[in-house]
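Student: Here it is: the structure, laid out below.
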Amino acid sequence: MRLSIVSDEISRDFTEAIEFGIEWGIRDFEIRYLKSGRAPFISNDEILNLIKKKEERGVDISVISPGLFQISLKDEVQLKLQIEDHIYESFRFAEKLETRNVIIFGFKRYSKEPQTNYIQVVHILGRMAALAERYGFNLLLENYPSTWADTGANTAMILDDVNSKNLMANWDPANARWSGEIPYPYGYLAIRKHVFSIHVKDLRERKNLEPEIVVVGEGDIDWGGQLRAVLTESITRYITIETHCKPLIENSQRNLLNIMDLLENIELDEKCINK
């Protein structure tokens, strides 16, 4: 298991992001936004610079997140475009960066959407998983509020119904909490056999207000229990920092230090137990 960070949670300037990351001891980066846009639709010059800096500094790209299927099934134009074009563009972009891992989402739900649309969601994601298998990629379904894959339980249900080794989970406990689920232990118990990667940020409930994203350890997520479970399962490939609270550079470093402290304490506890 490797520790990663979403590069634009430090800076949309990839050169700046990796310099901070390397200084902090991180060598793996998830690519989402760069200066010219969201992957894979960024300028050719920026792609070339990204590849050059990646090779010069000896870092790896863990995952790309092109935002695929953050749309509703009613958006037929975008749906056709993403199925017939954007998925292939994402594969080509990932291949250039020497990663096989692509995050996708589970379609926004709209008001009074019939439950029968779930069948269409599973069908489309099954087709995408078949494409991923054909071309040698992994699709990672991220749970996200107001989508069919919002909680750990609902995401696991989709993954079970698609039943493809090329469609796994990018588990986000804070997103699950925002969606009304207790992410650890309940959401994780549902999704644990599918978890390929995990996004790390924290969330604090606020009375009569939307939840607030905060530094790890300052919110409501049981990150100690969650990380202990992830280490015990030994299935997850990446633990990825997704800070989401400003100031980004300062809070990204604080998140990293807090995560490392949690992991160190878990290792010490395990050593004491095994004595």
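Student: Would you check the accessible area of Ile239, probe 1.4 Å, heavy atoms only, in square angstrom rounded to 10?
Tutor: We get 10 Å² for Ile239.
Student: Indicate the gyration tensor shape class of the stretch 19-149 (rounded, prolate or oblate), computed on the Cα atoms with a ≥ b ≥ c the square roots of the eigenvalues: a/c under 1.5 is rounded; otherwise a/b larger than b/c is prolate and the rest oblate.
Tutor: Working: a/c = 2.21, a/b = 2.03, b/c = 1.09.
The shape class here is prolate.
Student: Whole-Hz ³J(HN,Hα) for each residue in the stretch 144-155, computed from phi via Karplus 6.51 cos²θ - 1.76 cosθ + 1.60 with θ = phi - 60°, x for glycine and proline: what do you get?
Tutor: Result, rounded to whole Hz: 8, x, 6, 10, 4, 9, 9, 10, x, 5, 6, 5.
Student: To continue, here is another question. Among Leu97, Leu141, Leu48, which one shows the highest mean-square fluctuation when the chain is modelled as a Gaussian network with alpha-carbon springs under 10 Å?
Tutor: Highest fluctuation of the listed residues: Leu48.
Student: Would you rank Phe196, Phe41 by solvent-accessible area, highest first, keeping every protein chain in place and using a 1.4 Å probe?
Tutor: On the way: Phe196 10, Phe41 105 Å².
Listed by decreasing accessible area, they come as Phe41, Phe196.
Student: Please state the relative contact order of the chain as a whole percent: Cα pairs under 8 Å, 6+ residues apart? Before the final figure, lay out each step's value.
Tutor: Details: 497 pairs, mean separation 42.8, N = 275.
It rounds to 16 percent for the chain.
Student: Another question about this same structure. Before rounding to the nearest 500, sum -39500 (n - 2.57) across all DSSP H runs of length at least 4 in the chain and divide by the residue total; then give [θ] at 222 nm in deg cm²/dmol. It would help to have the intermediate numbers written out before the result.
Tutor: Numbers: 10 runs with 119 residues, N = 275.
That comes out to -13500 deg cm²/dmol.
Student: Give me the percent of DSSP beta bridges within the chain that run antiparallel, rounded to the nearest 5.
Tutor: Working: 7 of 35 bridges.
Counting only bridges with both partners in the chain, antiparallel ones make up about 20 percent.
Student: Apply the Karplus curve 6.51 cos²θ - 1.76 cosθ + 1.60, θ = phi - 60°, to the phi angles in the stretch 122-129 and return the couplings in whole Hz, x for Gly and Pro.
Tutor: Residue by residue, the stretch 122-129 yields 5, 4, 5, 5, x, 5, 5, 5 Hz.
Student: How much length is gained if the chain between Leu48 and Glu212 is pulled fully straight, taking 0.36 nm per residue apart and subtracting their Cα-Cα distance, in nm to one decimal?
Tutor: Working: separation 164, 0.36 × 164 = 59.04 nm, distance 3.66 nm.
Full extension from Leu48 to Glu212 adds 55.4 nm.
Student: For the stretch 103-115, in order, what is each residue's ³J(HN,Hα) by Karplus, 6.51 cos²θ - 1.76 cosθ + 1.60 with θ = phi - 60°, in whole Hz (x at glycine and Pro)?
Tutor: After applying 6.51 cos²θ - 1.76 cosθ + 1.60, I find 7, 10, 10, x, 6, 4, 8, 10, 4, 6, 5, x, 4 Hz.
Student: Using the crude model of +1 on Lys and Arg Cβ and -1 on Asp and Glu Cβ, and no other charge, please compute the dipole size for the chain relative to its Cα centre, in debye to 20.
Tutor: Charge dipole, the chain, about its Cα centre: 500 debye, nearest 20.
Student: Taking amide H positions as placed in the peptide plane 1.01 Å from N, state which residues far from Asp202 in sequence (5 or more) or on other chains have amide H under 5 Å from it.
Tutor: Val214, Val216
Student: Any idea of the accessible area per residue across the chain, 1.4 Å probe, to the nearest Å²?
Tutor: Working: 12800 Å² over 275 residues.
The answer is 47 Å² per residue.
Student: Using a Förster radius of 35 Å, what is the FRET efficiency between Arg38 and Leu189 based on their Cβ-Cβ separation? Nearest 0.05, please. Display every interim value, and only then the final one.
Tutor: Details: r = 33 Å, r/R0 = 0.94.
Efficiency for this residue pair is about 0.60.
Student: Shape of the stretch 109-169 from its Cα gyration tensor (a ≥ b ≥ c, root eigenvalues): rounded if a/c is under 1.5, otherwise prolate when a/b > b/c, or oblate?
Tutor: Working: a/c = 2.30, a/b = 1.68, b/c = 1.37.
It is prolate, given that a/c is not under 1.5 and a/b is the larger ratio.
The values are calculated or read from the model by the stated rules, or taken from the named source; none is laboratory data. Just so we're clear, the structure is a prediction, and the values are computed from it rather than from any experiment. Cβ: placed from backbone, ideal geometry, glycine included. Neighbour counts: every protein chain shown. With ligands, DNA and RNA removed, areas are computed over all heavy atoms of the protein, side chains included. Shrake-Rupley method; radii C 1.70, N 1.55, O 1.52, S 1.80 Å.
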